[in-house]
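Working notes, structure below.
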Amino acid sequence: MSIVTGDTARATQFYDLYAKLNFANVERLLIGQFIAGIRNAGNNQDITKLFTLTKPTRFRVYGVGENCSADFTSWCDYGWIEDSTGRLIWQMQGQQAKHAGGVIKNQRVDKWITLPACVYKLRYKSDAGYAFNNWDSAPPDNFFWGIVLFRVINK
């Protein structure tokens with residue numbers, strides 16, 4: 001209700017309390033050498049981050065977003081990877097997803113992929129209705145909303 005009435009300070013207090021009560025024992029998500037990431041994507045975002053791989057690299061892609069279809073095939077908030085020409089290389093949509101905590105529409109994709117040396121664009125897009133710090137129902141574990149890439153260590 002605090003979000004609906006515009007009381008963001010009160011909403012933040014409730015988010016902090018919710019996190020303290022629910023996420024104290026949640027496993028840390030992000031382990032490895034950071035390659036690129038888009039975190040805390042709010043409403044109506046279309047974010048691009050460039051990253052370069054100088055050799056073929058195996059890495060973990062971890063993304064959380066809003067799956068907005070009854071059959072879990074269509075995402076409202078999601079991430080993807082393009083090559084330097086804008087060609088789609090990988091996307092959250094169409095991947096096997098799991099519940100990310102909170103309301104069922106919070107879904108996560110956690111994959112290992114290998115890409116050749118190239119310049120890439122990490123992209124994330126969100127719609128107008130539900131995103132980081134504008135939750136209309138229970139948020140995902142750790143309030144993570146976005147996509148991150150980590151280099152595989154000892155895998």
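The condition (being touching an Asp or Glu at 6+ places or on another chain (Cβ under 9 Å), at pLDDT 90 or above and not aromatic (Phe, Trp, Tyr)) is satisfied by just one residue among Thr52, Thr85, Thr57, Thr48: Thr48. When the stretch 93-108 is limited to residues that are among the small types (Gly, Ala, Ser) and in contact with a strand residue (DSSP E or B) (Cβ under 8 Å, 6 or more places away or on another chain), the one that is farthest from Asp136 (Cα to Cα) turns out to be Ala97.
Considering only residues in the stretch 34-56 that are under 12 Å from Arg123 (Cβ atoms) and among the polar types (S, T, N, Q), the one that is surrounded by the fewest Cβ atoms within 10 Å (Cβ to Cβ) turns out to be Thr48.
The values are calculated or read from the model by the stated rules, or taken from the named source; none is laboratory data. Note that the structure is a prediction, hence the values are computed from the model and not measured. Counting neighbours? That spans all protein chains shown, and the Cβs are built from the backbone with ideal geometry, glycine included.
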